[in-house]
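Below: the structure, in structure tokens.
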Amino acid sequence: MKTFTDLITEVQEKGLCHHCGGCVAFCTAINYGALWLGADGRPRYLDKDKCIECGICYAICPVINELDEETKKLVSWSPPMGPVLGTATARAMDPEVQARGTDGGVVTALLLHLFEQGRIDAAIVSKKGGPFLRLPWLAKSREEILEAAGFHFDTVPNIAHFSQMYSTYSPSIMELREVAKKAVRRVAFVGTPCQINALRRMEVLGVVPSDAIKIHFGLFCAGNFQFGEDERRRLETLGNFQWPQVYKVNLKEDLMVHLRDGAIRHIPLEELAFMKRRACLFCDDYAAEYADLSFGGLGAPEGWTTVIVRSTVGRAILTQALGSTVEASNYRESPALSQALMAKVHEWSEKKKQAAEERNRELARRAV
Ligand SMILES: Cc1cc2nc3c(=O)[nH]c(=O)nc-3n(C[C@H](O)[C@H](O)[C@H](O)COP(=O)(O)OP(=O)(O)OC[C@H]3O[C@@H](n4cnc5c(N)ncnc54)[C@H](O)[C@@H]3O)c2cc1C
Ligand code: SF4
Ligand code: SF4
Ligand code: SF4
């Protein structure tokens with residue numbers, strides 16, 4: 001039986017660990033207590049003697065392909081980029097949600113809708129943890145869900161004085177620990193494609209507390225970034241801005257830095273390779289192919305969110321919310337618009353798959 005020791009050699013030592021926290025979340029939630037997630041986001045043994053060699057941390061790791069077939073079957077995955085039951089360009093109808101959202105505030109609007117309808121008791125989201133930092137959070141009220149909206153980077157006045165490393169990545173799966181602790185039974189999860197993938201693997205194995213995750217909201221992901229003082233300065237030069245001028249940062253086809261005077265600076269993603277997390281270079285899922293609903297800014301006009309419906313659960317949620325909390329500009333009405341939208345997502349998805357394939361091939365070649 002392969003265990004966490006094998007994850008160290010096959011995943012971590014090769015620099016492929018996504019830091020999704022799946023391995024730790026299971027081992028902790030089930031109270032084996034052999035693992036913990038270090039402050040640097042890297043999973044480690046907490047007490048190796050407590051490991052009962054169940055092998056589940058190994059099986060649920062999204063980098064390991066042991067459960068690929070079963071996971072694909074579970075979500076009815078099909079090429080080229082997972083199931084697509086429909087697409088929409090949408091935004092929240094509540095102006096407050098719209099204003100707080102990263103794009104159209106649709107993720108937050110749908111979470112609020114589900115919460116107010118009594119269909120979920122809580123949502124795993126990410127809240128601000130400080131400048132340039134987001135932390136996983138089990139939001140249990142309307143206010144908490146609303147507070148977690150957006151993908152905004154704090155730009156507090158003393159921003160120039162911090163020196164630690166920051167990351168856009170938030171290990172949301174770690175909140176499964178809270179789900180288990182608080183015995184919450186109906187939870188919506190918002191996260192990156194790799195996190196959704198790990199959750200689906202837990203679902204395949206039927207391990208707790210993944211059974212409490214009733215809805216999977218996936219965010220498009222070109223990659224996550226890790227940066228310190230030097231990288232922040234380099235970004236300022238690349239985008240010709242200064243951090244105190246910034247009120248919002250967003251990722252679509254490029255990195256968009258919104259300035260307080262209304263100007264938007266665009267930095268091509270290729271120029272951000274210097275701060276991309278290494279594991280993201282080997283990842284091939286752009287459009288959250290294992291989610292119930294996938295969301296991104298790509299292809300949508302400013303202030304709107306692109307939505308891909310991937311399961312009947314996702315379709316029911318979107319359909320029920322349309323007209324009451326969410327408005328859509330092209331859901332069903334315009335097949336041509338939907339086609340254009342999907343062509344764009346497909347293009348980016350393909351680009352990521354090809355790059356990952358090349359890098360994985362190179363890695364295998366070097367290993368030989
Ligand atoms: C790290 C990251 C990379 C992304 N990359 C792309 C990209 O390359 N192309 C693209 O089109 N879209 C990308 N997105 C998705 C995009 O930024 C929006 O999240 C998406 O369009 C939904 O917008 P919204 O206004 O409907 O969501 P909102 O209503 O603003 O809700 C966003 C939700 O995401 C949660 N969240 C915020 N930050 C994080 C985080 N770091 N990790 C996990 N959850 C978080 C919030 O808590 C909130 O629940 C990325 C998102 C993230 C978090
Ligand atoms: S007890 Fe199981 S989940 Fe925990 S480290 Fe050991 S093999 Fe992994
Ligand atoms: S499950 Fe996630 S955190 Fe654990 S080793 Fe695999 S990629 Fe890393
Ligand atoms: S690119 Fe996104 S989905 Fe892939 S490993 Fe990085 S954070 Fe996870």
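The values are calculated or read from the model by the stated rules, or taken from the named source; none is laboratory data. The structure presented is a predicted model; accordingly, all values stated were derived computationally and were not measured. FYI the Cβ positions are ideal-geometry reconstructions off the backbone, even for glycines, and counts take in every protein chain you see. These accessible areas exclude ligands, DNA and RNA; they are computed on the full protein's heavy atoms, side chains included. Shrake-Rupley method; radii C 1.70, N 1.55, O 1.52, S 1.80 Å.
Derived scalar couplings between HN and Hα for the range 191-204 equal x, 6, x, 5, 5, 4, 4, 4, 5, 5, 5, 5, 5, 4 Hz in order, rounded to whole Hz, by the Karplus curve 6.51 cos²θ - 1.76 cosθ + 1.60 (θ = phi - 60°), x for Gly and Pro. Computed 3J(HN,Hα) for the range 249-257, one whole-Hz value per residue from the Karplus formula 6.51 cos²θ - 1.76 cosθ + 1.60 where θ = phi - 60°, is 10, 9, 10, 9, 7, 8, 7, 9, 9, glycine and proline marked x. Between R185 and R365, the modelled labels are 5.5 nm apart [label points 7 Å from Cα along Cα→Cβ].
Placing R0 at 41 angstrom, the Cβ-Cβ distance between A263 and I30 gives a FRET efficiency of 0.25 after rounding to 0.05.
Cross-link partners of K353 among lysines, defined as those whose alpha carbon lies under 27 angstrom from its own and excluding same-chain residues fewer than eight positions apart: K14, K72, K73, K252, K276, K344. As a rough guide to protection, the peptides 14-23, 198-207 ranked by mean Cβ packing within 10 Å, highest first, stand as 14-23, 198-207.
In the chain, carbon and sulfur make up what percent of the accessible area (probe 1.4 Å)? Please report the intermediate quantities before stating the final value.
Details: 8270 of 16150 Å².
Its accessible area is 51 percent carbon and sulfur atoms.
Each of N240, W36, L135 was placed along the dipole of the chain (beta-carbon charges, centred on the mean Cα), and the one lying farthest toward the positive end is W36. These residues, M93, M256, go from largest to smallest accessible area, 1.4 Å probe, as M93, M256. Think of a 1.4 Å ball rolled over the protein heavy atoms: the chain then has 44 Å² of accessible area per residue. Between T192, W348, V97, the Cα set farthest toward the positive side of the dipole of the chain (charges on each charged residue's Cβ, about the Cα centre) is that of T192. Between N224, N197, N330, the residue with the greatest mean-square fluctuation in the GNM of the chain (Cα pairs under 10 Å linked by springs) is N330. Dipole size of the range 1-66 about its Cα centre, with +1 on Lys/Arg Cβ and -1 on Asp/Glu Cβ: approximately 100 debye, rounded to the nearest 20. Within the assembled protein chains, the solvent-accessible surface assigned to T102 is about 30 Å², based on a 1.4 Å probe. Placing +1 on the Cβ of every Lys and Arg and -1 on the Cβ of every Asp and Glu, with nothing else charged, gives the chain a dipole about its Cα centre of roughly 320 debye. Label sites at E347 and D6, each approximated as a point 7 angstrom past Cα along Cα to Cβ, lie 4.2 nm apart.
Whole-Hz Karplus values for the range 85-92 come out as 9, x, 9, 7, 10, 9, 8, 5 Hz, taken residue by residue from phi with 6.51 cos²θ - 1.76 cosθ + 1.60 and θ = phi - 60°; glycine and proline positions read x. Helix content alone sets the calculated 222 nm mean residue ellipticity of the chain: runs of n ≥ 4 DSSP H residues at -39500 (n - 2.57) each, divided across all residues, give -9500 deg cm²/dmol. Just checking the listed ones, A180, A263, A212: in the Gaussian network model of the chain with Cα springs under 10 Å, the one fluctuating most is A263. Ordered from highest to lowest accessible area with the whole protein assembly present and a 1.4 Å probe, V208, V326 read as V208, V326. Each peptide among 136-146, 31-41 gets the average number of other Cβ atoms lying within 10 Å of its residues, and from highest to lowest they stand as 136-146, 31-41. Packing, taken as the mean count of other beta carbons within 10 Å per residue, orders the peptides 307-313, 67-73 from highest to lowest as 307-313, 67-73. Dipole orientation for the chain: of the candidates V75, I317, T9, T9 has the Cα lying most toward the positive pole (charges on Cβ; Lys, Arg +1; Asp, Glu -1).
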